[in-house]
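Comments concern the structure below.
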Amino acid sequence: MPGPGYAHFGDEEEKNILEVVQQWRSASGSFGVPTAESQIDRFTAEAAARFAAPYCVAVNSGTSSLLTALAALDIGPGDEVVVPGYMFVASIAAIVYSGATPVLAEIDDSFTLDVSDVRRRITSRTRAIMAVHMLGAPSAMAELTKLAAEHGLAIIEDVAQACGAGYQGRPLGTWGDVGAFSLNPFKVITAGEGGFVLTRDARTYQRAFSFHDHGFLPGKLEVGEGDLLFGLNLHMTEFSAAIARAQLEKLDRILLRTRAVKRAFVEQIPQRPGLRRRTLHDPEGECGTLAVYVFDSADAARAVAGELGVTVLAESAKHNYARIPALSALAAKDRPSAPFRVPLAPSAEAAYRPGRLPRTDDLLGRSIALAIGLSDAYLGAGFGVTVQSSPGEIDRAAAGFRSALDRVLGS
Ligand SMILES: *Cc1c(COP(=O)(O)O)cnc(C)c1O
């Protein structure tokens with residue numbers, strides 16, 4: 001059971017999907033998708049309403065949502081985008097494929113961007129900050145938006161892991177200039193695959209729409225007001241939108257459940273020396289899909305991870321900058337191994353080498369993530385509970401974690 005949305009599949013998803021099949025059957029012989037009942041149009045309207053964002057564009061993946069965000073903000077060759085060293089490789093890949101230069105920054109104790117380190121990485125070429133809300137919890141958005149405003153930078157929020165989370169009562173994805181979401185099965189809600197972007201700016205919306213749909217203007221117009229761009233085809237499908245609509249309607253229920261299961265689990269883990277939970281910039285706002293524990297020592301973290309059959313976060317492939325071979329190849333100037341030619345400053349190349357983010361390395365080496373409704377071996381979260389766990393199952397998982405702690409840290 002990857003994510004909590006997956007576990008909530010039911011009659012609503014089935015009804016919406018059948019509606020599309022029936023529409024298409026009755027429209028047989030005519031070209032194209034019937035627009036009046038378009039699931040995509042309904043999904044974008046419903047998502048915009050749910051997150052209180054003026055505009056939404058639906059796309060076929062979270063990666064596409066990031067690419068769309070960068071294109072919408074006209075970010076490209078010569079520009080630098082600051083991104084945390086703990087993210088998902090897609091966050092960096094999207095920057096690379098926009099032609100811009102990713103600039104790695106340290107994470108703080110919340111496992112999201114360290115604002116003071118971001119400030120140090122700003123140069124005359126910096127165009128944007130990509131805040132990646134890792135493991136269901138918000139980045140320090142008030143501080144980041146203030147910093148961005150001071151330097152005239154855009155903010156892209158990568159909300160792939162934190163759909164439905166908020167910060168100071170405002171939904172993530174609406175703090176920045178563009179919010180980019182994923183609907184893959186390992187996320188809070190899922191449409192199989194899919195994603196969407198939110199923005200409050202009309203021109204950014206127009207560019208996002210054009211980029212995801214062959215350069216058409218919103219409403220699929222060929223002529224009108226707006227920037228003329230080459231677009232790609234990054235559409236969400238009607239089938240995905242049908243599922244996404246059903247899932248979006250369940251989002252609040254799903255979050256109530258993950259947060260309740262998390263409370264039931266973590267309150268059974270007494271505080272003890274050598275161990276703490278990660279800091280949260282807004283404890284009320286997180287999704288509650290994972291519980292992150294930070295040990296004083298890397299040895300203890302590794303030993304407890306071993307007891308639970310999982311790995312420390314430093315080992316999580318494709319989330320730790322030091323574990324992304326394509327980045328190391330780029331640092332080594334191994335250009336043939338990287339399918340792109342980014343105009344990198346020499347200093348940027350060196351900055352991709354493992355070891356360049358010592359605080360991030362240290363923190364990831366001492367931490368584990370337990371599954372609370374979202375289990376993903378790539379994230380390291382292979383031990384824990386699901387949204388379907390009974391009280392007894394939650395008790396047993398907590399007891400298992402406590403005894404692993406006792407064996408390693410002493411009882
Ligand atoms: C999952 C994820 C993505 C990519 O989403 P896809 O839908 O799989 O393309 C991007 N960023 C982060 C932080 C993610 O966790």
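No value in this document is a laboratory result; all are computed from the given coordinates. Since the model is a prediction, treat every value here as computed from it, not as a measurement.
Summary table below
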quantity: Hull shadow area, averaged, segment 5-98 [alpha-carbon convex hull, nm²]; calculated: 9.2 nm²
quantity: Under the span-like rule (Cα at least 24 Å along the axis, Kyte-Doolittle mean at least -0.5), DSSP H helices of the chain; calculated: 238-266, 391-409
quantity: Shape category assigned to the chain from the gyration tensor of Cα positions, a/c cut at 1.5; calculated: oblate
quantity: Radius of gyration, Dmax [segment 246-315; alpha carbons; angstrom]; calculated: 14.5, 44
quantity: Mean separation of Cα contacts under 8 Å (6+ apart) over length of segment 1-150, as relative contact order %; calculated: 16 percent
quantity: Alpha carbon convex hull of segment 366-411, volume per residue in cubic angstrom; calculated: 65 Å³
quantity: Table column - 3J(HN,Hα) (Hz), segment 177-194, Karplus curve with 6.51, -1.76, 1.60, x for Gly and Pro; calculated: 6, 9, x, 10, 10, 10, 10, 7, x, 8, 9, 4, 10, 9, 10, x, 9, x
quantity: Spatially proximal aspartates and glutamates relative to LYS220 (Cα-Cα < 20 Å; intrachain offsets below 8 disregarded); calculated: GLU37, ASP41, GLU46, ASP201, GLU238
quantity: Gyration tensor verdict on segment 110-256 (Cα atoms; rounded if a/c is under 1.5, prolate if a/b is larger than b/c, oblate otherwise); calculated: oblate
quantity: Mean separation of Cα contacts under 8 Å (6+ apart) over length of the chain, as relative contact order %; calculated: 20 percent
quantity: For segment 206-282, alpha-carbon Rg over 2.2 N^0.38 Å; calculated: 1.93
quantity: Cα gyration tensor shape of segment 165-205, rounded if a/c is under 1.5, else prolate or oblate by comparing a/b with b/c; calculated: oblate
quantity: Kirkwood Rh, angstrom, segment 53-142 [1 / mean 1/r, Cα pairs]; calculated: 13.5 Å
quantity: Convex hull volume per residue in cubic angstrom - Cα atoms of segment 207-346; calculated: 246 Å³
quantity: Helix-only mean residue ellipticity at 222 nm for the chain, each DSSP H run of n ≥ 4 adding -39500 (n - 2.57), per residue, nearest 500; calculated: -12000 deg cm²/dmol
quantity: Relative intensity, log₁₀ I(q)/I(0), of segment 194-251 from a Debye sum that treats every alpha carbon as a point, q = 0.12, 0.19, 0.21 Å⁻¹; calculated: -0.33, -0.73, -0.83
